[in-house]
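Visitor: Just passing along the structure, written as structure tokens.
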Amino acid sequence: MSKASRNLRHLRTLKGWSQTQLADALKIPRARIGAYEEERCDPPIDVLIRLSDLFHIAIDAMVRCDLSSVRKEQLIKVGDNRILFPVIMDQDEEDMVEVLTVKASAGYLGGYADPDYIGKLQKMSLPFNPHGKCRAFPIKGDSMPPLQDGSYVIAKYVDSIKEVRSGHTYIILTKDDGIVYKRAYTNKPKQLELHSDNPHYKPFAVPYSDVLEIWEFVCSMNMSDKRYEGEEYANVLQLLQSINNKVEALKL
């Protein structure tokens, strides 16, 4: 049986529907559902589109991924593209965390909605159950101390931008900036204001329409034991730099 046939039958079963009920929902004869599930013919593109909308599954996932072992509670919505990915579990039925390596992160903006891309990510287990779909993201730069360049943030998928808690930190995928890890504020209508904990970086706003994914901080793995001096130290550096600039100006 092809993947599409297995997926169609499995997803129909998850809904608790008969072939007749599914056919009615798709506005096609019941016999065609039987033909698809028995591989006597393949569903045309217009039917695949309706199936995608009905089950909230990407067409690509319907025909290329085996969803037959996935339980209903293991499926979550990802992004505005109405795509579902299974929550992967280990042998003890604990959720596995997909790890986005630095190399893989370069293609995340184009691959976040691609089942093949996501399926090839490395996976690991956590010593605790975070209760949700989690993914590990690499951190670049020093904008969010004490995390250093090369550290990882493990974050939980947020279904809706309305669930963002102002003042908390999130991994955010945007159309223009790709992956960013910032402290998000919801003070302005229809946009997120993103702040770095490092005062050297200015905050910026992102319209809701530019946000593709949001993941809420769960825990982190810092790859450096470098001591963070804190905001007071940064303020002293800024003051010294300001004094130095004024001294240089007086010399002119």
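Visitor: Looking only at the stretch 167-182, how many residues end up being under 19 Å from the mean Cα position of the chain (by Cα) and surrounded by fewer than 18 Cβ atoms within 10 Å (Cβ to Cβ)? Break it down stepwise before answering.
Guide: Restricting attention to the stretch 167-182, the residues satisfying the condition of being under 19 Å from the mean Cα position of the chain (by Cα) are 168-182.
Next, from what is left, pick out any that are surrounded by fewer than 18 Cβ atoms within 10 Å (Cβ to Cβ): 168, 175-178.
Of the residues in that region, 5 qualify.
Visitor: While we're on this one: Could you list, in sequence order, the residues of the stretch 135-164 that are under 23 Å from LYS103 (Cβ atoms) and assigned to a loop (DSSP other than H, G, I, E, B)? Please lay out each step first, then the result.
Guide: So the first thing to find is which residues in the stretch 135-164 are under 23 Å from LYS103 (Cβ atoms), and the list is 135-144, 147-155, 157.
Answer for the stretch 135-164, where residues must be under 23 Å from LYS103 (Cβ atoms) and assigned to a loop (DSSP other than H, G, I, E, B): ILE139, LYS140, GLY141, ASP142, SER143, MET144, LEU147, GLN148, ASP149, GLY150, SER151.
Visitor: Mind listing just one residue for me: the one in the stretch 120-130 that is in a loop (DSSP other than H, G, I, E, B) and either among the polar types (S, T, N, Q) or touching a strand residue (DSSP E or B) at 6+ places or on another chain (Cβ under 8 Å) (or both) and, of those, modelled with the highest pLDDT? Spell out the reasoning first.
Guide: Taking the stretch 120-130 and keeping what is in a loop (DSSP other than H, G, I, E, B), we get 120-121, 126-130.
So of that shortlist, the ones also either among the polar types (S, T, N, Q) or touching a strand residue (DSSP E or B) at 6+ places or on another chain (Cβ under 8 Å) (or both) come out as 121, 126, 129-130.
Details: LEU121: 88, LEU126: 82, ASN129: 73, PRO130: 73.
Looking at residues that are in a loop (DSSP other than H, G, I, E, B) and either among the polar types (S, T, N, Q) or touching a strand residue (DSSP E or B) at 6+ places or on another chain (Cβ under 8 Å) (or both), I get LEU121.
Visitor: Still on this structure, I have one more. Applying the selection to the stretch 19-55, what residues are in a loop (DSSP other than H, G, I, E, B) and within 33 Å of the chain's Cα centre (by Cα)?
Guide: Going through the stretch 19-55, the residues in a loop (DSSP other than H, G, I, E, B) turn out to be 27-29, 38-44.
Answer for the stretch 19-55, where residues must be in a loop (DSSP other than H, G, I, E, B) and within 33 Å of the chain's Cα centre (by Cα): ASP42, PRO43, PRO44.
Visitor: Okay, next question. Restricting to the stretch 1-60, and then to whatever is among the aromatic types (Phe, Trp, Tyr) and touching a residue at least 12 places away in the same chain (Cβ under 8 Å), can you tell me which residue is farthest from ASP114 (Cα to Cα)? Spell out how you get there, then give the answer.
Guide: Going residue by residue through the stretch 1-60, those that are among the aromatic types (Phe, Trp, Tyr) are 17, 36, 55.
Subset that is touching a residue at least 12 places away in the same chain (Cβ under 8 Å): 36, 55.
Details: TYR36: 24, PHE55: 17 Å.
If we take residues in the stretch 1-60 being among the aromatic types (Phe, Trp, Tyr) and touching a residue at least 12 places away in the same chain (Cβ under 8 Å), then TYR36 is farthest from ASP114 (Cα to Cα).
Visitor: While we're here: Tally up the residues in the stretch 103-119 that are free of Cβ contacts under 8 Å to residues at least 60 places away in the same chain, touching a helix residue (DSSP H, G or I) at 6+ places or on another chain (Cβ under 8 Å) and in a loop (DSSP other than H, G, I, E, B), please.
Guide: Here the count works out to 2.
Visitor: Restrict the check to the stretch 137-153 and report whether at least one residue is of a type in the set (Lys, Arg) and closer than 25 Å to LYS190 by Cβ.
Guide: Here is the first cut: in the stretch 137-153, the ones of a type in the set (Lys, Arg) are 140.
Restricting the remaining residues to those that are closer than 25 Å to LYS190 by Cβ gives none.
No: the stretch 137-153 contains no residue that is of a type in the set (Lys, Arg) and closer than 25 Å to LYS190 by Cβ.
Visitor: Checking GLN91 against (1) at pLDDT 85 or above; (2) not in a strand (DSSP E or B), only one condition comes out false. Which one?
Guide: Exception for GLN91: condition (1).
Visitor: Report, by residue number, each residue of the stretch 46-81 that is over 18 Å from SER2 (Cα atoms) and either in the same structural domain as ILE161 (by TED's automatic domain parsing) or at pLDDT below 70 (or both).
Guide: Listed by number, the residues that qualify are ARG71, LYS72, GLU73, GLN74, LEU75, ILE76, LYS77, VAL78, GLY79, ASP80, ASN81.
Visitor: Identify, from the list VAL206, VAL164, VAL158, the residue that is without any contact (Cβ under 8 Å) to a residue 60 or more places away in the chain, surrounded by 15 or more Cβ atoms within 10 Å (Cβ to Cβ), closer than 20 Å to ALA113 by Cα and assigned by TED's automatic domain parsing to the domain that holds VAL97.
Guide: Details: VAL206 fails: closer than 20 Å to ALA113 by Cα; VAL164 fails: closer than 20 Å to ALA113 by Cα.
Every option except VAL158 fails the conditions.
Visitor: Just the residues that are over 26 Å from HIS131 (Cα atoms), charged (D, E, K, R) and not in a loop (DSSP other than H, G, I, E, B), please, taken from the stretch 188-217.
Guide: GLU193, ASP210
The values are calculated or read from the model by the stated rules, or taken from the named source; none is laboratory data. Note that the coordinates shown come from a computational prediction; the quantities given were computed from them, not determined experimentally. We place every Cβ from the backbone using ideal geometry, glycine too, and count neighbours over all the protein chains shown.
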